[in-house]
1. Can you go through ASP38, ASP3 and tell me which one is more than 22 Å from THR114 (Cα to Cα) and at pLDDT below 75?
2. Those residues that are assigned to a helix (DSSP H, G or I), in contact (Cβ under 8 Å) with a residue 60 or more places away in the chain, more than 14 Å from the chain's Cα centre (by Cα) and over 19 Å from VAL105 (Cβ atoms), I need them from the range 1-26; list them, please.
3. Counting residues that are in contact with a helix residue (DSSP H, G or I) (Cβ under 8 Å, 6 or more places away or on another chain), crowded, with 18+ Cβ neighbours inside 10 Å and at pLDDT 90 or above, which helices (runs of 4 or more DSSP H) fully inside the range 60-133 reach at least 3?
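The values are calculated or read from the model by the stated rules, or taken from the named source; none is laboratory data. Source: prediction; values computed, not measured. Counting neighbours? That spans all protein chains shown, and the Cβs are built from the backbone with ideal geometry, glycine included.
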Amino acid sequence: MHDTKERLSLFWIFALLNYLYADVVALFSIVGSPNLSDAPHLPQWALLGSAVLMEIPIAMIVACRLLPFRANRLTNVIAGVVMTLVNGFLTFVLPLTNGDFRDPVYPAYVFFATIETVCTSVIIWQAWTWSGVEAAVSSERIVGNPETELPIG
């Protein structure tokens with residue numbers, strides 16, 4: 001897989017699956033609790049915020065493959081930074097500021113958050129170091145211009 005667009009799309013899929021499974025683990029904990037009335041009830045704004053936040057990696061899977069080079073590079077850097085900062089804040093900063101934070105799923109969240117942060121950091125790095133020359137050569141290969149075919153190897 002030599003195309004940066006494909007690689008970035010794959011990293012977004014990987015990040016998204018980790019985000020989603022971390023939430024599934026949290027739901028298992030809530031459903032398995034002896035008293036469901038103690039389960040957290042999120043306000044509508046928090047649910048909407050979560051939906052918007054999860055739409056970022058979902059949209060980036062497609063955006064990586066469809067956007068032209070400059071927009072693609074910029075969008076990946078911005079989305080990667082946003083997801084990394086939000087993830088770091090929710091996982092590492094918020095629990096330190098909230099003294100009542102006794103979530104039994106927290107160790108699993110830290111595990112997933114570490115993987116997610118590494119993944120989005122790789123996305124940022126890949127996009128930041130992505131060369132316009134590579135993007136032009138990849139586009140020419142897709143079109144099938146025989147003069148621009150690169151040797152396999």
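1. On the way: ASP3 fails: at pLDDT below 75.
None of the other options fit; the residue is ASP38.
2. First pass over the range 1-26, keeping only residues assigned to a helix (DSSP H, G or I): 4-26.
Those left that are additionally in contact (Cβ under 8 Å) with a residue 60 or more places away in the chain: 4-5, 7-8, 11-12, 14-15, 18-19, 21-22, 25-26.
Filter once more, so that each one left must be more than 14 Å from the chain's Cα centre (by Cα): 4-5, 25-26.
Residues satisfying the conditions are THR4, LYS5.
3. Details: elements: 69-88, 94-97, 106-128.
Output list reads 69-88, 106-128.
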